[in-house]
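Student: Structure below; questions to follow.
Bear in mind these aren't lab numbers, they're just calculated from the coordinates by the rules spelled out. From a predicted model like this one, the values you see are computed outputs, not experimental measurements. Because the Cβ atoms are built from the backbone with ideal geometry, glycine has one as well, and the counts that use them run over all protein chains shown.
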Amino acid sequence: MKISSILLGIQMGACAVNAAYLKQIGRHGSSITTTRNQARADVDQSCDPHKDELVQAMDEAETLLSIAKYHSNDANLVAKYFGNFENQQPNPVETIQAMSLYDASYANAGQPRESCNDPLQYCEEGVIAYSAMDQDVINFCTDFWNYVSLDEICNTVEADKGWVKAGIIVHELSHQVANTADICYGMDCTLDLAANNATAAINNADNYHFFALASYALNTTGDAECSATEIP
């Protein structure tokens, strides 16, 4: 097992895993039994107790990514979250556009599967969700369900806090689409990366997460840095 103390990424043979707030521990993966859920593809049966919440969160992630794609033409906003990336890869605008193809109805092939049964046994304290890229799986841990819906942005949650289920899905999708890493978490760190290390910024999952939330706040209130009191 190769563990990076900086990236918090884990390589386990052929299995690559990235997680939100992942502790540095790992085990081998296992198979996942899936079922169709409201016409959605490959949602693990273990998600059934949270079916309605998950359906809503996936729909909101699709909305969030659509808005992020629209604001990916905003050069100032892109520079704020990704810095002067020039011709570096992955191109964050292209990544956002690719992520916007995420279809909550799962009508398209190749979408990541959704799991809630912790197939790789990473759901320890502090882990919200994780991606197993070789299995095309996004797993949601118990803490994920404590997060709020997207309409709480600029209402009860500030755009720079990130306590939104749809935002976590965007974070995990960036792992799947662009093989991003978990270099650091939170608004302060993402902005610091963009200002001082564009190479790291375009490869950090939370930069896409917070860019999407800022885009939503800008679209909703006209202020990408809205407070939690602007919408009554």
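Student: Can you say what percent of the DSSP beta bridges in segment 42-221, counting only those with both residues inside, are antiparallel? Round to 5.
Tutor: 35
Student: May I ask you to compute the full-extension gain from D192 to N117, defined as 0.36 nm times their residue separation minus their alpha-carbon distance, rounded to one decimal in nm?
Tutor: 23.5 nm
Student: Next question, about the same structure. What list do you get for V164, V127 if you sort them by fewest beta carbons within 10 Å?
Tutor: Listed from fewest to most nearby Cβ atoms, that is V127, V164.
Student: Using the 2.2 N^0.38 Å rule of thumb for compact globular proteins, work out how segment 42-221 stacks up: its C-alpha Rg over that value, please.
Tutor: 0.96
Student: Using Cα positions and a limit of under 19 Å, work out the aspartates and glutamates in reach of K161, with same-chain residues fewer than 8 apart set aside.
Tutor: E60, D143, D151, E152, E172, D182, D188, D192, D206, D223, E225, E230
Student: Once the Cα gyration tensor of segment 44-102 is found, what semi-axes does its equivalent ellipsoid get, as square roots of 5 times the eigenvalues, in whole Å, sorted largest first?
Tutor: 30, 12, 9
Student: Counting other beta carbons within 10 Å of each residue's own, what order do L77, L101, L193 fall into, fewest first?
Tutor: In increasing order of surrounding Cβ atoms, one gets L101, L77, L193.
Student: Follow-up question, since we're still on this one. Quick check on the exposure proxy: order K51, K80 from fewest to most C-beta atoms within 10 angstrom.
Tutor: Ranking K51, K80 by Cβ neighbours within 10 Å, fewest first, gives K51, K80.
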